[in-house]
Amino acid sequence: MKTNHCSTTTAMAFAVALSFGAHAAAQSPAALPAHSSVAIIHVKPDMLDEWVDLEKNEVIPAQKKGGLASRTTYHTVRGNPFEYVIVTPFEKWATFDGTSPQIRALGTDGSSRLGAKLRKCEESVQVFVSNPIPELSNTPNTEIPLIGVYTRVRVATGRMQEYQNFLKTEILPIYKKSNVRYTVLRRGLGANNNDLTQVTFVGDKYADLDAGSPLTRALGADGVAKLMAKTAGMTTLIEQVVRRRVPELSY
């Protein structure tokens with residue numbers, strides 16, 4: 001993953017992300033959770049089928065039996081194709097003081113055996129907390145699309161409030177007027193707290209990416225370029241990927 005340190009390139013790449021019009025925790029519309037635990041998993045290419053089978057037929061049944069209310073799994077389809085992201089919402093940190101749902105369902109030994117099988121399939125796992133920012137997000141009362149464009153930026157030290165004000169006053173109103181689902185999240189413990197992820201949900205088909213940007217439709221190409229120029233020096237682009245929710249690995 002390469003980081004682009006050119007502010008102009010960052011601004012234009014952000015515009016591209018917005019031109020394909022969150023982590024949301026479920027298929028149906030719902031209030032954004034207070035927090036989510038996010039696991040980014042890189043699966044060994046030759047173990048992909050086995051990993052998916054374990055998640056579908058062993059992990060999810062155990063989590064349901066153990067009382068985990070919901071989880072959502074996303075597959076990175078433009079980016080690392082062996083990357084999956086599992087999001088589980090939670091309201092309080094006290095949630096983690098008790099026994100995990102998997103251990104409640106399988107017992108300590110059974111959970112350890114399942115964990116060992118999963119680790120054989122995985123190259124790496126990163127776990128961190130993601131905090132949605134409702135006042136910067138647009139979550140219309142419609143079903144959440146399967147496909148989203150995820151843009152992660154690293155905000156310059158001391159400029160977080162300025163950048164969030166830009167999103168709130170310049171970007172969010174266009175998404176609200178266009179009725180496009182748009183979620184802004186800030187990474188917390190386990191990751192870089194200066195990282196914001198902006199998710200633009202586009203639809204259920206890749207053809208929906210061809211529809212173009214709410215920003216471009218509203219402002220035109222020149223208008224978008226002028227708008228993005230305001231972010232110069234505020235952020236550095238970290239990554240831009242397309243992810244698709246995996247219904248069979250979510251509930």
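We did not get these values from a lab; they are worked out from the coordinates using the rules stated. Owing to the predicted nature of the structure, the values given are computational and were not obtained by experimental measurement. Glycine also receives a Cβ, built like all others from the backbone with ideal geometry; neighbour counts cover every protein chain displayed.
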Trypsin sites (Lys or Arg not before Pro) restricted to DSSP loop in region 58-113 with at most 15 other C-beta within 10 Å: K92
C-alpha center-to-center spacing [region 148-177, region 38-60] in angstrom: 33
Zero-based 5 Å bins, Cα pair distances in region 35-129, whole percents: 3, 13, 21, 26, 22, 11, 4, 1
Phi to ³J(HN,Hα) by Karplus 6.51 cos²θ - 1.76 cosθ + 1.60 over region 36-51, Hz, x for Gly, Pro: 9, 8, 10, 10, 9, 10, 9, 8, 5, x, 7, 10, 4, 4, 5, 4
Chain lengthening between T95 and N131 when straightened (0.36 nm per residue, less Cα-Cα): 11.4 nm
In sequence order, calculated HN-Hα J values of region 228-235 (Karplus, 6.51, -1.76, 1.60; Hz; x Gly/Pro): 5, 4, 5, 8, 4, x, 7, 9
